[in-house]
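**Student:** First, the structure itself, so that you have it in front of you.
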Amino acid sequence: MKPKHWDTVGDAHLLSVELTTDNPETLENLVPYVPSAPGETFVEFAYDLRKLERPKFRCAHCHQRHLAGVVVNKDGQRFLVGHVCGAHIYGTNFAVLKKDYDAAVVRQDILRRVREIRGAVTQFLAWLDTPAFSRDTIALSSSFALRCRGSANS
Ligand SMILES: [Zn+2]
């Protein structure tokens, strides 16, 4: 079986892309139909603009108007599929595509968190190396020493 699209995408690449869009109709190479030529097919973005007052998109497959769905990429050509339609037109196939996409969303979220934590740890380590830290540490330890001496004398 061919590897799923997002499975073959490396961490760095996955971190550099967006998996959702608020403007699916402005994407490049968007076609208003389902391309018939065979090619690598994957769910590239999801969108849910149901809360916005805006004109609806037309599903490339059933032509029904919708505001929530996915952008399917077939060999570079993109088309919009309404969220209700997707499951019907591709059947189990679509479930596999959606599962691959969902896994990418989870993996990207984990990668972003790791990047954040790594950034915070790096900042903390840098702070340990700063003069401010050494000064505070010295001040702390000398006041502790003074207090020890004070209590010894009393
Ligand atoms: Zn449809």
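Every number in this text was worked out from the coordinates using simple rules, so none of it is lab data. Nothing here was measured: the structure is a model prediction, and the numbers come from that model. Ideal geometry is used to build each Cβ from the backbone, glycine not excepted, and the neighbour counts take in all protein chains shown.
**Student:** Looking at region 58-73, which of the residues that are aliphatic (A, V, I, L, M) and within 18 Å of Glu28 (Cβ to Cβ) is farthest from the ligand (Cβ to nearest atom)?
**Tutor:** Val71
**Student:** Is one or more of the residues making up region 112-134 in contact (Cβ under 8 Å) with a residue 24 or more places away in the chain, part of a helix (DSSP H, G or I) and closer than 22 Å to Asp22 by Cβ?
**Tutor:** yes
**Student:** Out of the residues in region 79-97 meeting the condition of being surrounded by fewer than 19 Cβ atoms within 10 Å (Cβ to Cβ) and away from the ligand (no atom under 14 Å from the Cβ), tell me which one is nearest to Ala37 (Cα to Cα).
**Tutor:** Among residues in region 79-97 that are surrounded by fewer than 19 Cβ atoms within 10 Å (Cβ to Cβ) and away from the ligand (no atom under 14 Å from the Cβ), the one nearest to Ala37 (Cα to Cα) is Asn93.
**Student:** Here is a follow-up. Sort out for me the strands (runs of 3 or more DSSP E) sitting completely within region 1-87 that have 2 or more residues that are aromatic (Phe, Trp, Tyr).
**Tutor:** So the answer is 41-48.
**Student:** Looking at this structure, is Asp48 within 21 Å of the chain's Cα centre (by Cα), on the phi < 0 side of the Ramachandran plot and within 16 Å of the ligand (Cβ to nearest atom)?
**Tutor:** yes
**Student:** Given the condition surrounded by 18 or more Cβ atoms within 10 Å (Cβ to Cβ) and more than 17 Å from Lys4 (Cβ to Cβ), answer yes or no: does some residue in region 19-33 qualify?
**Tutor:** yes
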